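Notes for the one structure printed next.
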Amino acid sequence: MQKTTTALLAALALAAMPAFAQDAATDSPAEAETTAPEPETPAPDADAAAPANATPSEQAAEEGGQPRLGTYYALSEHQDWVIRCIRTDQPKDPCEMYKLLVDDDDNAVAELSVFPLLNGELAAGARLIAPLETDLLNGLGLQIDNGEARGYPFGVCTQVGCVSQMGFTAEEVAAMKRGNRATIQLLPYGADPAQPVNLVASLSGFTAAFDALTAYIEAEPEAPAEDSGTQAGEPADAPEEAPAE
């Protein structure tokens, strides 16, 4: 595996591709190694924005331990994969499988999100966010164990990084569940095409995370409690007694 350059670590972003096709963004969980300005992604509540170096399980929380609106929280962990969600005011928060990709020196380089698709020809979707100084024409390569590598294009670059959206068939998802590792190949801009950067994502826990997220998506949201017309902490009015005869 080739080591990354400072250019490849130019910009990192916290990928957000919720399973309900809602897009949300936040700052990168890792600090960039260049002097480029940090991305300024608006949050639903300016006072509730998560710190730039926070992990999914370290997001700011309100009093009472509940994540603030617009911040990420870890729903569950499955070996090397985390199911993270973004707090909303909806009955069910959108969630995704999340993996931070690092190089040989444990530097954060890219971020990968995977989410089941329950309708359509594809079984799963994914989003990878790469640094801004990535060769877009070269795209990215994805290989499961020693299988055939597949290429995917980049769709757009924003302040937070360059985004590639991918779709996986049921057969490809099954290969990931059976596999041990996924290798993602990126080429820094101006680098020798014969020397790309290879990032390895462990697939340990992928099956458990994928199945747990699928079950979460398919489950009916809990019905909100009915408003009894009384204030919290106040007892309901007692029924009136029938007058004595």
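The values are calculated or read from the model by the stated rules, or taken from the named source; none is laboratory data. Source: prediction; values computed, not measured. FYI the Cβ positions are ideal-geometry reconstructions off the backbone, even for glycines, and counts take in every protein chain you see.
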Legend entry - Positions within region 137-153 being surrounded by fewer than 18 Cβ atoms within 10 Å (Cβ to Cβ), part of a loop (DSSP other than H, G, I, E, B) and on the phi < 0 side of the Ramachandran plot, in sequence order: Leu137, Asn146, Gly147, Glu148, Ala149, Pro153
Inset, instruction - Among the numbered conditions (1) over 18 Å from Leu75 (Cβ atoms); (2) polar (S, T, N, Q); (3) assigned to a strand (DSSP E or B), tell me where Gln195 comes up short. - result: (3)
Inset, instruction - Kindly indicate whether Met166 is touching a residue at least 60 places away in the same chain (Cβ under 8 Å) and of a type in the set (A, V, I, L, M). - result: no
Legend entry - Test result for Leu100, assigned to a strand (DSSP E or B), closer than 13 Å to Phe168 by Cβ, in contact (Cβ under 8 Å) with a residue 40 or more places away in the chain and under 18 Å from the mean Cα position of the chain (by Cα): no
Inset, instruction - Give me a count of the residues in region 164-178 that are surrounded by 18 or more Cβ atoms within 10 Å (Cβ to Cβ) and not in a helix (DSSP H, G or I). - result: 3
Inset, instruction - Only residues that are hydroxyl-bearing (Ser, Thr, Tyr) and surrounded by 22 or more Cβ atoms within 10 Å (Cβ to Cβ): list them for region 74-101, please. - result: Tyr98
Legend entry - For Phe206: the one exception among (1) out of contact with any Ser or Thr (no Cβ under 8 Å at 6 or more places or on another chain); (2) modelled with pLDDT under 95; (3) aromatic (Phe, Trp, Tyr): (2)
Inset, instruction - Go through (1) part of a loop (DSSP other than H, G, I, E, B); (2) touching a residue at least 40 places away in the same chain (Cβ under 8 Å); (3) over 20 Å from the mean Cα position of the chain (by Cα) one by one and return the number of the condition Leu118 breaks. - result: (3)
Inset, instruction - Give the residues of region 179-217 that are over 17 Å from Leu112 (Cβ atoms), loosely packed, with under 15 Cβ neighbours inside 10 Å and touching a Leu at 6+ places or on another chain (Cβ under 8 Å), sorted by residue number. - result: Pro193
Legend entry - Only one of Gly65, Gly70 that is at pLDDT below 95 and either closer than 25 Å to Glu172 by Cα or surrounded by 20 or more Cβ atoms within 10 Å (Cβ to Cβ) (or both): Gly70
